[in-house]
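Enquirer: Quick one: the structure is below, questions incoming.
The values are calculated or read from the model by the stated rules, or taken from the named source; none is laboratory data. Every value quoted in this text rests on a predicted model; they were computed, and no experiment measured them. In this analysis, Cβ positions are derived from the backbone assuming ideal geometry, glycine residues included, and neighbour counts consider all displayed protein chains. SASA here: full protein model, heavy atoms, side chains in, ligands and nucleic acids out. Shrake-Rupley method; radii C 1.70, N 1.55, O 1.52, S 1.80 Å.
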Amino acid sequence: MEILSVTLPRPDDFHLHLRDGAAMADVLAHSARQFARAVVMPNLKPPVRTTGEALAYRDRIQAALPRESHFQPLMTLYLTEATTADEIARARDSGAIIGVKLYPAGATTNADDGVVDLAQARTALEAMQQEDLPLLIHGEVTDSTIDVFDREAVFVDRVLEPLRRDFPALRMVLEHVTTQHAVEYVQAAERGLAATITPQHLLYNRNALFAGGLQPHYYCLPLLKLESDRQALIAAATGGDRRFFLGTDSAPHPRCAKEAACGCAGIYSAHAALELYAEVFEQAGALDRLADFASRNGADFYGLPRNEGTVRLIKQALPIPASYPFGNDEVIPLRAGDTLTWRLTE
Ligand code: NCD
Ligand code: ZN
(Lines give C-alpha, C1' and ligand atoms only; values in the text may rest on other atoms or scores of the structure.)
(Ligands and ions follow the chains in the order given, each with its own letter.)
Protein backbone atom coordinates (compact mmCIF):
# COMPACT_ATOMS: atom_id res chain seq x y z
CA MET A 1 0.00 0.00 0.00
CA GLU A 2 1.23 3.47 -0.80
CA ILE A 3 2.56 5.35 2.21
CA LEU A 4 0.95 8.79 2.42
CA SER A 5 2.66 10.28 5.44
CA VAL A 6 5.81 9.86 7.50
CA THR A 7 6.40 11.18 11.00
CA LEU A 8 10.01 11.63 12.12
CA PRO A 9 11.65 12.78 15.30
CA ARG A 10 12.87 16.32 14.56
CA PRO A 11 15.88 15.88 12.27
CA ASP A 12 19.31 17.57 12.11
CA ASP A 13 21.50 18.63 9.20
CA PHE A 14 25.07 17.55 9.93
CA HIS A 15 26.67 19.54 7.09
CA LEU A 16 25.41 22.97 6.12
CA HIS A 17 26.76 26.17 4.55
CA LEU A 18 24.91 29.22 5.80
CA ARG A 19 27.23 31.97 4.48
CA ASP A 20 26.98 35.33 6.23
CA GLY A 21 25.33 38.75 6.16
CA ALA A 22 22.28 39.46 4.03
CA ALA A 23 22.71 36.28 1.99
CA MET A 24 22.61 34.20 5.17
CA ALA A 25 19.50 35.96 6.36
CA ASP A 26 17.81 34.95 3.09
CA VAL A 27 18.52 31.21 3.37
CA LEU A 28 18.60 30.57 7.12
CA ALA A 29 14.83 30.23 7.55
CA HIS A 30 14.77 27.29 5.15
CA SER A 31 17.12 25.23 7.33
CA ALA A 32 15.51 26.47 10.54
CA ARG A 33 12.12 25.24 9.34
CA GLN A 34 13.41 21.81 8.39
CA PHE A 35 15.93 21.03 11.10
CA ALA A 36 16.33 21.36 14.86
CA ARG A 37 20.11 21.75 14.60
CA ALA A 38 22.75 22.02 11.92
CA VAL A 39 26.51 21.68 11.78
CA VAL A 40 27.57 24.99 10.24
CA MET A 41 30.60 24.90 7.96
CA PRO A 42 33.39 27.42 8.64
CA ASN A 43 34.42 28.24 5.05
CA LEU A 44 33.52 31.92 5.19
CA LYS A 45 35.80 34.53 3.70
CA PRO A 46 37.94 34.83 5.81
CA PRO A 47 37.40 31.40 7.38
CA VAL A 48 36.22 30.76 10.95
CA ARG A 49 39.53 29.80 12.54
CA THR A 50 39.07 30.53 16.23
CA THR A 51 36.52 29.86 18.90
CA GLY A 52 36.03 33.60 19.23
CA GLU A 53 35.20 33.88 15.53
CA ALA A 54 32.88 30.88 15.73
CA LEU A 55 30.99 32.35 18.69
CA ALA A 56 30.63 35.68 16.89
CA TYR A 57 29.37 33.85 13.80
CA ARG A 58 26.91 31.91 15.95
CA ASP A 59 25.62 35.21 17.36
CA ARG A 60 25.06 36.53 13.83
CA ILE A 61 23.18 33.36 12.90
CA GLN A 62 21.02 33.55 16.00
CA ALA A 63 20.28 37.22 15.38
CA ALA A 64 19.10 36.41 11.83
CA LEU A 65 16.76 33.58 12.85
CA PRO A 66 13.00 33.97 12.59
CA ARG A 67 11.74 35.10 15.99
CA GLU A 68 9.91 31.93 16.98
CA SER A 69 12.70 29.60 15.82
CA HIS A 70 14.54 27.26 18.20
CA PHE A 71 17.08 26.26 15.53
CA GLN A 72 20.47 25.55 17.05
CA PRO A 73 23.66 26.15 15.05
CA LEU A 74 26.46 23.72 15.95
CA MET A 75 29.69 25.49 15.12
CA THR A 76 32.92 24.26 13.53
CA LEU A 77 36.46 25.57 13.21
CA TYR A 78 38.44 25.66 9.98
CA LEU A 79 41.67 23.71 10.41
CA THR A 80 44.86 25.41 9.23
CA GLU A 81 48.52 24.58 9.61
CA ALA A 82 48.60 27.29 12.30
CA THR A 83 45.79 25.90 14.49
CA THR A 84 47.23 25.52 17.99
CA ALA A 85 46.52 23.00 20.73
CA ASP A 86 45.33 25.92 22.87
CA GLU A 87 42.75 26.83 20.25
CA ILE A 88 41.48 23.24 20.27
CA ALA A 89 41.23 23.32 24.07
CA ARG A 90 39.34 26.62 23.88
CA ALA A 91 36.99 25.11 21.30
CA ARG A 92 36.31 22.12 23.50
CA ASP A 93 35.83 24.23 26.63
CA SER A 94 33.39 26.57 24.89
CA GLY A 95 30.90 23.74 24.45
CA ALA A 96 29.83 25.46 21.23
CA ILE A 97 32.22 23.81 18.76
CA ILE A 98 31.20 20.38 17.55
CA GLY A 99 34.20 19.66 15.34
CA VAL A 100 37.06 20.95 13.23
CA LYS A 101 36.86 20.92 9.44
CA LEU A 102 39.71 19.79 7.25
CA TYR A 103 39.75 21.32 3.78
CA PRO A 104 42.72 20.21 1.73
CA ALA A 105 43.96 23.59 0.40
CA GLY A 106 42.18 24.46 -2.83
CA ALA A 107 39.85 21.43 -2.77
CA THR A 108 36.61 23.42 -2.97
CA THR A 109 34.87 26.77 -2.42
CA ASN A 110 36.81 28.93 0.08
CA ALA A 111 39.37 26.20 0.76
CA ASP A 112 42.38 28.34 -0.15
CA ASP A 113 43.38 28.72 3.49
CA GLY A 114 43.08 25.00 4.14
CA VAL A 115 45.79 22.49 4.83
CA VAL A 116 48.57 21.94 2.29
CA ASP A 117 50.61 19.49 4.35
CA LEU A 118 48.71 17.50 6.95
CA ALA A 119 51.95 16.87 8.85
CA GLN A 120 51.91 20.60 9.71
CA ALA A 121 48.53 20.17 11.44
CA ARG A 122 49.82 17.40 13.73
CA THR A 123 49.70 19.40 16.94
CA ALA A 124 46.07 20.36 16.38
CA LEU A 125 45.12 16.81 15.42
CA GLU A 126 46.79 15.42 18.53
CA ALA A 127 44.93 17.93 20.67
CA MET A 128 41.65 17.03 18.98
CA GLN A 129 42.29 13.36 19.64
CA GLN A 130 43.05 14.21 23.26
CA GLU A 131 39.96 16.41 23.67
CA ASP A 132 37.73 14.06 21.65
CA LEU A 133 36.82 16.82 19.21
CA PRO A 134 35.90 15.18 15.89
CA LEU A 135 37.61 15.94 12.58
CA LEU A 136 35.18 16.66 9.73
CA ILE A 137 36.79 15.91 6.42
CA HIS A 138 36.43 17.20 2.88
CA GLY A 139 37.84 13.99 1.43
CA GLU A 140 39.39 14.88 -1.90
CA VAL A 141 43.01 15.14 -2.95
CA THR A 142 43.90 18.29 -4.85
CA ASP A 143 46.65 16.87 -7.06
CA SER A 144 45.84 18.16 -10.55
CA THR A 145 47.24 15.02 -12.13
CA ILE A 146 44.51 12.93 -10.48
CA ASP A 147 41.29 12.68 -12.45
CA VAL A 148 38.61 14.84 -10.79
CA PHE A 149 36.24 11.89 -10.51
CA ASP A 150 38.89 9.84 -8.67
CA ARG A 151 39.89 12.40 -6.05
CA GLU A 152 37.74 11.04 -3.25
CA ALA A 153 38.88 7.45 -3.73
CA VAL A 154 42.52 8.52 -3.88
CA PHE A 155 42.04 10.61 -0.73
CA VAL A 156 40.62 7.62 1.12
CA ASP A 157 43.61 5.45 0.20
CA ARG A 158 46.44 7.97 0.42
CA VAL A 159 45.34 10.37 3.14
CA LEU A 160 42.48 9.01 5.24
CA GLU A 161 43.86 5.53 5.83
CA PRO A 162 47.28 6.78 7.11
CA LEU A 163 45.55 9.52 9.12
CA ARG A 164 43.36 6.98 10.89
CA ARG A 165 46.40 4.86 11.63
CA ASP A 166 48.27 7.87 13.08
CA PHE A 167 45.29 9.06 15.15
CA PRO A 168 43.42 5.89 16.10
CA ALA A 169 41.27 7.58 18.75
CA LEU A 170 40.40 10.69 16.71
CA ARG A 171 36.77 10.46 15.64
CA MET A 172 36.19 11.47 12.04
CA VAL A 173 33.33 12.21 9.69
CA LEU A 174 34.02 11.74 6.02
CA GLU A 175 31.71 14.45 4.74
CA HIS A 176 29.48 14.11 1.68
CA VAL A 177 30.67 10.68 0.57
CA THR A 178 30.09 10.17 -3.14
CA THR A 179 31.59 6.81 -4.10
CA GLN A 180 31.11 3.13 -3.52
CA HIS A 181 34.78 3.07 -2.54
CA ALA A 182 34.23 5.56 0.30
CA VAL A 183 31.06 3.79 1.46
CA GLU A 184 32.90 0.48 1.66
CA TYR A 185 35.79 2.11 3.49
CA VAL A 186 33.46 3.54 6.14
CA GLN A 187 31.64 0.22 6.48
CA ALA A 188 34.91 -1.61 6.98
CA ALA A 189 36.13 0.75 9.70
CA GLU A 190 35.94 -0.72 13.15
CA ARG A 191 35.20 2.46 15.04
CA GLY A 192 35.32 6.22 15.12
CA LEU A 193 34.41 6.85 11.48
CA ALA A 194 31.08 8.01 10.08
CA ALA A 195 29.89 9.74 6.90
CA THR A 196 27.29 12.23 5.77
CA ILE A 197 25.38 11.86 2.50
CA THR A 198 23.80 14.72 0.49
CA PRO A 199 20.48 14.64 -1.35
CA GLN A 200 22.11 15.37 -4.70
CA HIS A 201 24.48 12.40 -4.51
CA LEU A 202 21.51 10.15 -3.68
CA LEU A 203 19.34 11.55 -6.47
CA TYR A 204 21.71 12.08 -9.40
CA ASN A 205 24.71 10.66 -11.15
CA ARG A 206 27.24 12.61 -13.21
CA ASN A 207 25.07 12.53 -16.32
CA ALA A 208 23.03 15.30 -14.67
CA LEU A 209 25.97 17.66 -15.15
CA PHE A 210 25.78 17.39 -18.91
CA ALA A 211 22.13 16.57 -19.65
CA GLY A 212 21.21 18.60 -22.75
CA GLY A 213 24.14 20.98 -22.14
CA LEU A 214 26.36 22.10 -19.30
CA GLN A 215 24.27 22.29 -16.11
CA PRO A 216 26.00 24.54 -13.57
CA HIS A 217 23.36 24.02 -10.89
CA TYR A 218 24.35 20.35 -10.66
CA TYR A 219 27.98 21.25 -10.05
CA CYS A 220 29.16 20.60 -6.52
CA LEU A 221 32.26 19.14 -4.94
CA PRO A 222 32.84 16.32 -4.63
CA LEU A 223 31.31 15.87 -8.09
CA LEU A 224 28.33 13.68 -8.80
CA LYS A 225 29.65 10.22 -9.65
CA LEU A 226 28.63 7.01 -11.45
CA GLU A 227 25.23 5.36 -11.21
CA SER A 228 26.91 2.44 -9.42
CA ASP A 229 28.24 4.90 -6.83
CA ARG A 230 24.78 6.40 -6.40
CA GLN A 231 23.32 2.94 -5.82
CA ALA A 232 25.97 2.26 -3.16
CA LEU A 233 25.08 5.54 -1.44
CA ILE A 234 21.36 4.70 -1.47
CA ALA A 235 22.10 1.28 -0.01
CA ALA A 236 24.23 2.88 2.72
CA ALA A 237 21.70 5.58 3.61
CA THR A 238 18.72 3.25 3.65
CA GLY A 239 20.43 0.11 4.89
CA GLY A 240 20.29 0.73 8.63
CA ASP A 241 24.04 1.22 9.14
CA ARG A 242 24.24 3.75 11.98
CA ARG A 243 27.42 5.36 10.64
CA PHE A 244 25.65 7.09 7.75
CA PHE A 245 23.58 10.18 8.40
CA LEU A 246 22.03 13.26 6.88
CA GLY A 247 24.21 16.20 5.84
CA THR A 248 22.79 18.27 3.01
CA ASP A 249 25.94 20.22 2.11
CA SER A 250 23.43 22.84 1.00
CA ALA A 251 25.81 25.44 -0.44
CA PRO A 252 24.09 28.52 -1.84
CA HIS A 253 25.87 30.72 -4.35
CA PRO A 254 24.58 33.80 -6.15
CA ARG A 255 23.18 32.89 -9.54
CA CYS A 256 25.78 35.07 -11.26
CA ALA A 257 28.58 33.03 -9.69
CA LYS A 258 27.07 29.74 -10.84
CA GLU A 259 26.05 30.76 -14.36
CA ALA A 260 29.50 32.01 -15.28
CA ALA A 261 32.45 31.13 -17.49
CA CYS A 262 34.12 29.73 -14.37
CA GLY A 263 31.15 28.74 -12.24
CA CYS A 264 31.64 27.82 -8.61
CA ALA A 265 30.78 24.57 -6.86
CA GLY A 266 27.76 24.17 -4.59
CA ILE A 267 24.14 23.02 -4.78
CA TYR A 268 21.37 24.67 -2.79
CA SER A 269 19.00 22.17 -1.19
CA ALA A 270 17.97 23.67 2.15
CA HIS A 271 14.58 24.78 0.82
CA ALA A 272 13.34 21.18 0.50
CA ALA A 273 15.98 18.95 2.04
CA LEU A 274 13.70 16.51 3.83
CA GLU A 275 11.36 16.26 0.88
CA LEU A 276 14.30 15.36 -1.37
CA TYR A 277 15.58 12.69 1.00
CA ALA A 278 12.03 11.33 1.40
CA GLU A 279 11.83 10.85 -2.35
CA VAL A 280 15.02 8.75 -2.27
CA PHE A 281 13.91 6.65 0.68
CA GLU A 282 10.48 6.10 -0.84
CA GLN A 283 11.96 4.94 -4.13
CA ALA A 284 14.17 2.53 -2.20
CA GLY A 285 11.13 1.20 -0.30
CA ALA A 286 12.80 2.34 2.92
CA LEU A 287 10.73 5.23 4.30
CA ASP A 288 10.77 3.45 7.66
CA ARG A 289 14.55 3.99 7.78
CA LEU A 290 14.44 7.75 7.17
CA ALA A 291 14.10 8.52 10.88
CA ASP A 292 17.38 6.80 11.74
CA PHE A 293 19.25 8.52 8.92
CA ALA A 294 17.75 11.97 9.48
CA SER A 295 17.07 12.12 13.20
CA ARG A 296 19.09 9.59 15.18
CA ASN A 297 22.38 8.36 13.70
CA GLY A 298 24.11 11.73 13.56
CA ALA A 299 23.10 12.82 17.05
CA ASP A 300 24.26 9.48 18.41
CA PHE A 301 27.65 9.73 16.66
CA TYR A 302 28.25 13.22 18.03
CA GLY A 303 26.96 12.32 21.48
CA LEU A 304 24.16 14.87 21.27
CA PRO A 305 20.77 14.28 22.82
CA ARG A 306 18.17 13.19 20.29
CA ASN A 307 15.68 15.97 19.57
CA GLU A 308 12.29 16.07 21.14
CA GLY A 309 9.16 16.54 19.07
CA THR A 310 8.38 15.39 15.56
CA VAL A 311 7.95 16.63 12.01
CA ARG A 312 5.57 15.20 9.44
CA LEU A 313 5.96 14.69 5.72
CA ILE A 314 2.86 14.15 3.64
CA LYS A 315 2.44 12.92 0.09
CA GLN A 316 1.41 16.17 -1.53
CA ALA A 317 2.69 18.17 -4.51
CA LEU A 318 5.30 20.76 -3.56
CA PRO A 319 6.09 23.24 -6.35
CA ILE A 320 9.64 24.59 -6.17
CA PRO A 321 10.11 28.22 -7.25
CA ALA A 322 12.54 29.14 -10.02
CA SER A 323 14.70 31.03 -7.53
CA TYR A 324 14.88 32.50 -4.04
CA PRO A 325 16.26 35.92 -3.02
CA PHE A 326 19.92 35.74 -2.00
CA GLY A 327 21.59 38.94 -0.86
CA ASN A 328 21.69 41.26 -3.84
CA ASP A 329 21.24 38.35 -6.28
CA GLU A 330 19.18 35.14 -6.25
CA VAL A 331 19.92 31.48 -5.65
CA ILE A 332 18.68 28.70 -7.91
CA PRO A 333 17.46 25.82 -5.74
CA LEU A 334 17.77 22.13 -6.55
CA ARG A 335 14.73 21.14 -8.65
CA ALA A 336 13.92 24.77 -9.48
CA GLY A 337 10.58 25.01 -11.30
CA ASP A 338 9.85 21.35 -10.68
CA THR A 339 7.25 19.76 -8.39
CA LEU A 340 8.28 17.45 -5.55
CA THR A 341 6.00 14.68 -4.29
CA TRP A 342 6.53 15.11 -0.54
CA ARG A 343 5.83 18.13 1.58
CA LEU A 344 6.93 18.98 5.10
CA THR A 345 3.91 20.16 7.07
CA GLU A 346 3.95 22.87 9.70
C1 NCD B 1 30.76 24.05 -0.80
C2 NCD B 1 30.59 25.57 -0.72
O3 NCD B 1 30.14 26.16 -1.70
O4 NCD B 1 30.91 26.14 0.33
N5 NCD B 1 30.62 23.65 -2.16
C6 NCD B 1 30.29 22.41 -2.61
O7 NCD B 1 30.31 22.20 -3.81
N8 NCD B 1 29.95 21.45 -1.79
C9 NCD B 1 32.05 23.64 -0.20
C10 NCD B 1 32.15 22.15 0.04
O11 NCD B 1 31.52 21.62 0.95
O12 NCD B 1 32.88 21.49 -0.70
ZN1 ZN C 1 30.20 21.43 2.28
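Enquirer: Within the stretch 1-32, what residues put their amide N at less than 18 Å from the label point 7 Å along the Cα-to-Cβ vector of T341?
Expert: 1-7
Enquirer: Could you provide, to the nearest whole Å², the per residue accessible area of the chain with probe 1.4 Å?
Expert: 41
Enquirer: Given the convex hull of the Cα atoms of the chain, what is a quarter of its surface area in nm²?
Expert: 16.3
Enquirer: For the pair A105 and A169, what calculated FRET efficiency results from E = 1/(1 + (r/R0)^6), where r is the Cβ-Cβ distance and R0 = 25 Å, to the nearest 0.05?
Expert: That gives a FRET efficiency of 0.45.
Enquirer: Expressed as an acute angle from 0 to 90° and rounded to the nearest 10, what is the orientation of the C-alpha long axis of helix 227-238 relative to the principal long axis of the chain?
Expert: 90
Enquirer: Here is a further query. Within the accessible area of the chain, what % is carbon and sulfur when the probe is 1.4 Å and the other protein chains stay in place?
Expert: 49
Enquirer: Taking Cα pairs under 8 Å and at least six residues apart, what relative contact order does the stretch 137-185 come out at, in percent?
Expert: Answer for the stretch 137-185 is 46 percent.
Enquirer: Which one, A82, A63, S94, projects farthest toward the positive side of the charge dipole computed for the stretch 54-104 from Cβ point charges (K/R +1, D/E -1)?
Expert: Farthest towards the positive end: A63.
Enquirer: Which of the lysines could a cross-linker span from K315 if the Cα-Cα distance has to be under 25 Å and same-chain partners fewer than 8 positions apart are dropped?
Expert: none
Enquirer: Going by alpha carbons, how many degrees (0 to 90, nearest 10) lie between the helix axis of 122-131 and the longest principal axis of the chain?
Expert: 70
Enquirer: How much length is gained on full extension from A85 to R158, taking 0.36 nm per residue of separation minus their Cα-Cα distance?
Expert: Result: 23.8 nm gained on full extension.
Enquirer: Relative contact order for the chain using alpha-carbon pairs under 8 Å, separation at least 6, rounded to a whole percent?
Expert: 19
Enquirer: Let me ask something else. Give the aspartates and glutamates whose C-alpha is closer than 16 Å to that of K45, dropping any in the same chain fewer than 8 places away, or say none.
Expert: Those aspartates and glutamates meeting the cut-off are D20, E53, D112, D113.
Enquirer: Add -39500 (n - 2.57) for each DSSP H run of 4 or more in the chain, then divide by its residues: what number comes out at 222 nm, to the nearest 500 deg cm²/dmol?
Expert: That calculation yields -8500 deg cm²/dmol at 222 nm.
Enquirer: Let me ask you something else. Under 17 Å Cα to Cα from K258, which aspartates and glutamates show up? Leave out anything in the same chain fewer than 8 places away.
Expert: Qualifying aspartates and glutamates at Cα under 17 Å: D249, D329, E330.
Enquirer: Further, regarding this structure: Placing +1 at every Lys and Arg Cβ and -1 at every Asp and Glu Cβ, with all other atoms neutral, what dipole size does the stretch 283-346 have around its Cα centre, in debye to the nearest 20?
Expert: It comes to approximately 240 debye.
Enquirer: Follow-up question, since we're still on this one. Using Cα pairs under 8 angstrom and six or more residues apart, how large is the relative contact order of the stretch 240-346, in percent?
Expert: Dividing the mean separation by the residue count of the stretch 240-346 yields 32 percent.
Enquirer: Still on this structure: Please give the FRET efficiency for T310 paired with A63, using the beta carbon to beta carbon distance and R0 = 25 Å, rounded to the nearest 0.05.
Expert: Values: r = 28 Å, r/R0 = 1.11.
Efficiency for this residue pair is about 0.35.
Enquirer: Then there is this: Computed FRET efficiency, Cβ-Cβ of D93 and D117, R0 30 Å: what is it to the nearest 0.05?
Expert: After rounding to 0.05, the efficiency reads 0.60.
Enquirer: Could you tell me what percent of the DSSP beta bridges with both partners in the chain are antiparallel, to the nearest 5?
Expert: 35
Enquirer: How many nm is it between the label spots at E227 and M1, if each spot is 7 Å from the Cα in line with the beta carbon?
Expert: 3.4
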